[in-house]
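The values are calculated or read from the model by the stated rules, or taken from the named source; none is laboratory data. This one's a predicted model, so the numbers in the text were calculated from it and none came from an experiment. Every residue, glycine among them, receives a Cβ derived from its backbone with ideal geometry; neighbour counts consider all protein chains shown. These area figures cover heavy atoms from the full protein model, side chains too; ligands, DNA and RNA do not enter into them. Shrake-Rupley method; radii C 1.70, N 1.55, O 1.52, S 1.80 Å.
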Amino acid sequence: MVEQVTSKPKYIFCTGGVVSSVGKGLTVAAIGRILKARGLKVAIQKLDPYLNVDPGTMSPYQHGEVFVTSDGAETDLDLGHYERFVDENVSRMSNITAGQVYLTVIEKERKGDYLGGTIQVVPHITNEIKRCIKLVGRQTDADVVIVEVGGTAGDIESLPFLEALRQLRTELQRHDALYVHVTFLPHIGATDELKTKPTQHSVRELRGIGIQPNVIIARTDHPVNKDIISKIALFCDVDENAVIPLQTADNIYAVPLMIEETGLGEYILKRLRLEADAPDLSEWREIVRKRRSATDRLRIAIVGKYVELHDAYMSVKEAIVHAGIQQNQDVEIRWIHSGELEKGKRLDELDELDGIIVGSGFGYRGIEGKIVAAKYARENKAPYLGLCLGMQVMCIEYARNVLGLDDANSSEFDLSTPHPVIDLMLEQRAITDMGGTMRLGEYPCQLLPNSLAARAYGSGEILERHRHRFEFNNDYRDVFAANGVSFSGLSPDGILVEITELQDHPFMLGCQFHPEFLSRPNRPHPLFSALVEAAAEYRAEIGRFRQASAFGVDEN
Ligand code: GLN
């Protein structure tokens with residue numbers, strides 16, 4: 001950490017304009033990275049204007065992946081980008097929603113904390129928002145806190161958040177806060193022109209609320225020339241060197257390098273009067289170089305019921321990329337809808353794969369298709385990694401097709417199954433509330449020596465993040481163990497099954513937790529590394545076989 005002469009922390013408030021989904025979260029994470037590269041301690045917080053208390057109760061179609069923090073909060077997927085880019089664990093305080101803010105204020109009102117007062121958006125809601133923002137700085141001891149507001153300027157919901165940021169500008173010293181606005185430049189094909197007007201309008205919208213941005217990051221799919229930059233600077237009243245064009249990157253890990261090249265890092269230091277080391281992005285450059293130069297090509301499928309929306313598997317997707325970077329593999333992800341496998345479609349595609357991942361999920365839809373994928377992996381000795389529900393599915397398949405336990409199932413999907421090999425956790429039985437009541441956050445797990453898991457991790461005890469209500473039913477432990485399944489990861493008291501693996505299989509492993517949340521581009525998760533390694537071996541094996549059969553050569 002760098003010794004600061006001015007006050008701490010400094011704030012970077014980041015808003016969005018024009019349209020959503022331009023990668024504001026990624027941009028913020030990348031800014032975090034270039035500041036961390038200068039030896040600064042960075043914390044990031046996302047303010048989400050929706051009224052859900054957290055995204056845990058939302059469908060992945062609405063929201064994409066729910067990212068779980070080590071302290072057990074169910075949060076926005078942008079927090080995954082923050083952790084992967086900045087490589088600092090975020091916490092419950094790193095994602096605040098309007099629902100949470102209102103709930104706190106209304107609970108206080110019911111307790112009588114404001115007796116006699118009228119509760120209003122300003123100041124009660126805005127005060128609570130400011131309290132949450134300041135708390136992050138105090139809890140993390142960060143030099144810089146980057147605060148991203150979800151949505152775009154002009155949304156009704158985000159008004160209290162923007163008002164809180166405006167108030168902070170007057171409360172903080174001029175050199176302690178920087179306002180960054182991320183916009184989008186649409187391209188008109190007929191005239192081959194980029195248009196700045198929507199950016200101008202969105203800055204006007206912000207000014208109407210009382211916020212004048214200091215930096216404008218203009219996202220675009222096309223090269224931006226000097227005239228466009230000058231125009232934005234002039235109309236939006238921003239320094240020319242604070243108009244940062246940011247073209248869509250070929251891979252997301254290149255974004256910090258692209259931002260660094262624009263000089264934004266130095267501009268931020270100057271504006272915030274921050275002292276810092278020279279930036280060291282060498283490790284990051286190496287990640288990008290390796291990602292671009294990977295030569296081998298593996299095909300790994302993500303089998304799930306939300307595969308139309310890749311964001312629903314954001315961390316899984318990135319964890320595969322990280323393991324690929326480490327092993328010089330340009331992994332192609334095949335998205336296979338479990339509903340299709342269930343209907344007997346796309347089964348032949350399974351033969352083209354080098355590995356299969358069955359990820360997380362809730363509810364019965366698509367389950368039988370996931371069981372088809374697990375059966376295929378087991379019978380063909382194809383590498384398989386089951387994540388949470390993927391472990392449960394692996395056990396159901398084994399029970400039905402190897403142990404002869406007909407109609408085995410999870411009681412989540414069939415309450416009257418004769419063999420609930422996956423069942424509700426005891427402490428979950430009396431719970432009726434759906435929000436924030438699962439087994440959530442980090443738990444320790446002990447590994448069985450010499451198992452696939454222990455070899456992959458290279459250690460005896462691990463900490464992993466959970467998000468589930470159901471677990472392996474211990475009534476069935478003996479019959480599984482006597483018939484080819486190792487329980488290679490258990491809770492330290494031995495009660496909860498955390499990892500299962502097949503003995504007579506090169507790599508078929510399921511974990512009750514979510515290893516994908518811990519993977520980093522420079523530190524791939526051991527289980528994903530092990531999967532990619534097994535997939536490369538399988539490809540080499542099966543490739544010889546595929547070639548041989550293509551030429552009609554008898555293997556013997
Ligand atoms: N639905 C399962 C459970 O609640 C699995 C959850 C998950 O995959 N995250 O236990």
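In µm²/s, what is D for segment 241-340 at 20 °C and 1.002 mPa s, where D = kT/(6 pi eta Rh) by Stokes-Einstein and Rh is the Kirkwood radius from Cα pairs?
134 µm²/s
Starting from the Cα gyration tensor of segment 36-187, take the square roots of the eigenvalues, sort them a ≥ b ≥ c, and report rounded, prolate or oblate (rounded when a/c is under 1.5, otherwise prolate if a/b is larger than b/c, else oblate).
The shape class here is rounded.
Pick out, in residue order, every one of the GluC sites (Glu not before Pro) in segment 147-233 that is DSSP loop and has at most 16 other C-beta atoms within 10 Å; say none if there are none.
Sparse-neighbourhood loop GluC sites (Glu not before Pro): 157.
Express as a percent, rounded to the nearest 5, the fraction of DSSP beta bridges in the chain (both residues included) that run antiparallel.
35 percent
Accessible area per residue of segment 9-69 at 1.4 Å probe, in Å²?
26 Å²
Would you calculate a helix-derived [θ] at 222 nm for the chain, using -39,500 (n - 2.57) for each DSSP H run of n ≥ 4 and dividing by the full residue count, to the nearest 500?
After summing the helix terms and dividing by the residues of the chain, the value is -11000 deg cm²/dmol.
Taking 2.2 N^0.38 Å as the expected size of a compact globular protein, what ratio does the Cα radius of gyration of segment 333-404 give against it, to two decimals?
Relative to the 2.2 N^0.38 Å estimate, segment 333-404 comes out at 0.99.
Short version: what are the Cα gyration tensor semi-axes of segment 169-217, square root of 5 times each eigenvalue, largest first, in whole Å?
Values for segment 169-217, descending: 29, 11, 5 Å.
Using the basic label-point model (7 angstrom from Cα toward the beta carbon), what is the residue 212 to residue 332 distance in nanometres?
Going from the residue 212 label point to the residue 332 one covers 5.4 nm.
Name the long-range amide H neighbours of residue 52: under 5 Å, sequence gap of 5 or more, or other chain; modelled H, no Pro or chain starts.
99
Would any residue of segment 38-71 have its amide N under 19 Å from a label point 7 Å out along Cα→Cβ of residue 362? List them or say none.
50-71
With only alpha-carbon atoms counted, please give the Rg and Dmax of the chain, in Å.
Radius of gyration, then largest Cα-Cα span, for the chain: 25.3, 89 Å.
Radius of gyration and Dmax for segment 432-494's Cα atoms, expressed in Å?
Gyration radius and largest Cα-Cα distance of segment 432-494: 13.8, 41 Å.
Of 201, 75, 420, which is farthest along the charge dipole of the chain in the positive direction, counting Lys and Arg as +1 and Asp and Glu as -1 at C-beta?
201
Contact order normalised by length for the chain, with contacts defined as Cα pairs under 8 Å and 6 or more residues apart; what percent is it?
This gives 15 percent for the chain.
For segment 372-437, what class follows from the C-alpha gyration tensor (a ≥ b ≥ c being the square roots of its eigenvalues): rounded when a/c is under 1.5, otherwise prolate if a/b is larger than b/c, else oblate?
oblate
Please give the charge dipole size of segment 416-482, origin at the Cα centre, charges +1 on K and R Cβ atoms and -1 on D and E Cβ atoms. Round to the nearest 20 debye.
160 debye
Whose amide H sits under 5 Å from the amide H of residue 14, counting only residues 5 or more places off or on another chain, with H placed in the peptide plane?
Hits under the 5 Å cutoff: 147, 148, 149, 180.
Given the C-alpha atoms of segment 136-282, compute the convex hull and give its volume per residue in Å³.
In segment 136-282, the Cα convex hull volume per residue is 142 Å³.
For segment 8-21, take each phi angle, set θ = phi - 60°, evaluate the Karplus expression 6.51 cos²θ - 1.76 cosθ + 1.60, and give the result in whole Hz per residue in order, putting x for glycine and proline.
Computed from phi, the couplings for segment 8-21 are 9, x, 8, 10, 10, 9, 10, 10, x, x, 6, 9, 8, 6 Hz.
Cα-based Rg of segment 205-295 per 2.2 N^0.38 Å, rounded to two decimals?
It is 1.27.
I want to verify the translational diffusion coefficient of segment 82-129 in µm²/s; compute it with Stokes-Einstein, Rh as the Kirkwood radius over Cα pairs, at 37 °C and 0.692 mPa s.
The calculation lands on 263 µm²/s.
Multiply the residue separation of residue 493 and residue 283 by 0.36 nm, subtract the distance between their alpha-carbon atoms, and state the gained length in nm to one decimal.
71.7 nm
Can you give the alpha-carbon Rg of segment 399-460 over 2.2 N^0.38 Å, where N counts its residues?
In units of the globular-protein estimate, segment 399-460 measures up at 1.54.
Go ahead and collect, in residue order, the members of segment 482-505 whose backbone nitrogen is under 18 Å from a label point 7 Å along the Cα-Cβ direction of residue 461.
Within reach of a label on residue 461: 488-499.
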